[in-house]
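Q: Following this message is one structure expressed as structure tokens.
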Amino acid sequence: MFNLILFGPPGSGKGTQSEKLIARYGLKHLSTGDLLRAEIANKTPLGLEAKSLMDKGQLVPDEVVIGMIDAALTNNPKARGFLFDGFPRTKAQSEALDALLKKKGASINVVLALDVTEDELIKRLLNRGLTSGRSDDTKEDVIRARITEYHNKTSPVADHYNKFGKVVLVKGEGSVDEIFGDLTAQIDQRIDQ
Ligand code: B4P
């Protein structure tokens with residue numbers, strides 16, 4: 001199995017690059033943001049709880065997203081590997097992920113961390129908010145709250161995987177294709193073709 005975490009702050013290009021990476025490598029894409037938005041669209045109790053937190057720019061509780069990932073790993077026993085997008089977002093989530101993968105005799109192969117300045121993040125997300133209909137992208141104070149959550153709760157995830165030498169920083173500014181080229185160069189060094 002080849003398991004990759006695409007890491008970075010909100011708006012760094014995780015969703016954008018994930019689409020291209022799964023097409024290239026045939027990995028199963030697991031985006032907790034997409035899974036949560038599907039719950040919201042289906043108006044499930046979990047979706048309603050998640051929406052109120054997401055609209056404030058806060059993270060949803062660890063047990064909710066860990067449960068989603070656990071189910072997705074169980075439901076895809078034949079996957080050649082997984083691309084984790086927007087997960088893990090806390091140290092507890094990263095420890096839970098390591099334990100879930102260990103049960104499958106697997107682990108995280110690499111964490112590719114997209115590096116983008118804060119001004120650019122805010123510009124991109126406000127711009128997406130003009131057309132996406134995503135309520136967490138329309139207000140600058142909510143976007144800033146998401147970035148603060150990232151600094152406080154999510155950056156420890158990189159520290160966790162850095163201890164195992166698994167984090168590679170990739171420039172996240174430039175054209176989508178240039179960034180894709182840098183990401184694939186890192187993956188190609190590590191994946192069995
Ligand atoms: P996510 O859905 O993960 O959303 P995101 O981090 O905002 O988006 P992403 O990083 O994928 O967007 P992209 O850069 O591709 O999370 C939303 C919310 O869900 C969180 O705030 C949280 O509340 C909750 N949540 C999700 N996972 C959770 C977890 N594990 N634990 C707890 N809570 C969780 O795109 C941004 C924009 O940039 C796009 O418009 C794109 O077109 C543009 N863009 C991309 N690349 C570009 C480039 N190179 N140049 C210019 N623009 C670019």
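The values are calculated or read from the model by the stated rules, or taken from the named source; none is laboratory data. Everything numeric in this text was worked out from a predicted model, so none of it was measured. Glycine also receives a Cβ, built like all others from the backbone with ideal geometry; neighbour counts cover every protein chain displayed. The protein model used for the area step is the full one, side chains on, heavy atoms only, and it has no ligands, DNA or RNA in it. Shrake-Rupley method; radii C 1.70, N 1.55, O 1.52, S 1.80 Å.
Q: Please list, in chain and number order, the residues 5+ apart from Phe2 or on another chain whose amide H is under 5 Å from its amide H, with Hs placed from the backbone.
A: It is Gly81, Phe82, by chain and number.
Q: Of Lys139, Lys166, Lys28, Lys14, which has the most accessible area and how do the rest follow, probe 1.4 Å?
A: Values: Lys139 115, Lys166 50, Lys28 80, Lys14 20 Å².
The residues order as Lys139, Lys28, Lys166, Lys14, largest area first.
Q: Would you mind calculating the gained length between Arg128 and Glu178 on full extension (0.36 nm times residue separation, minus the Cα-Cα distance), in nm to one decimal?
A: Working: separation 50, 0.36 × 50 = 18.00 nm, distance 2.04 nm.
Net length gain for the segment: 16.0 nm.
Q: If you take every residue apart from Gly47 with its C-beta less than 13 Å away from the C-beta of Gly47, what net charge results, scoring Lys and Arg +1 and Asp and Glu -1? Don't jump to the answer; show the numbers that get you there.
A: Details: positive: Arg37, Lys43, Lys51; negative: Asp34, Glu39, Glu49, Asp55.
For residues surrounding Gly47, the net value is -1.
Q: Rounded to the nearest percent, how much of the accessible area of region 29-101 (1.4 Å probe, protein heavy atoms only) is carbon and sulfur? Could you put the intermediate results ahead of the total?
A: Values: 1910 of 3360 Å².
With neighbouring chains kept in place, the figure for region 29-101 is 57 percent.
Q: Still on this model: Put one equal scatterer on each alpha carbon of the chain, apply the Debye formula with no solvent term, and list log10 I(q)/I(0) at q = 0.11, 0.14, 0.18 1/Å to two decimals.
A: Debye curve over Cα of the chain, log10 I(q)/I(0) at q = 0.11, 0.14, 0.18 Å⁻¹: -0.47, -0.79, -1.37.
Q: In a Gaussian network model over the chain where Cα atoms closer than 10 Å are linked, find which of Ser175, Ser18, Ser52 has the largest mean-square fluctuation.
A: It is Ser175.
Q: Taking every pair of alpha-carbon atoms in region 1-90, give the share separated by more than 17 Å as a whole percent. Don't jump to the answer; show the numbers that get you there.
A: Values: 2007 of 4005 pairs.
Beyond 17 Å sits 50 percent of the P(r) for region 1-90.
Q: At 1.4 Å probe radius, can you tell me the per residue accessible area of region 98-193 in Å²?
A: Numbers: 5470 Å² over 96 residues.
Spelled out: the 1.4 Å probe surface of region 98-193, per residue, equals 57 Å².
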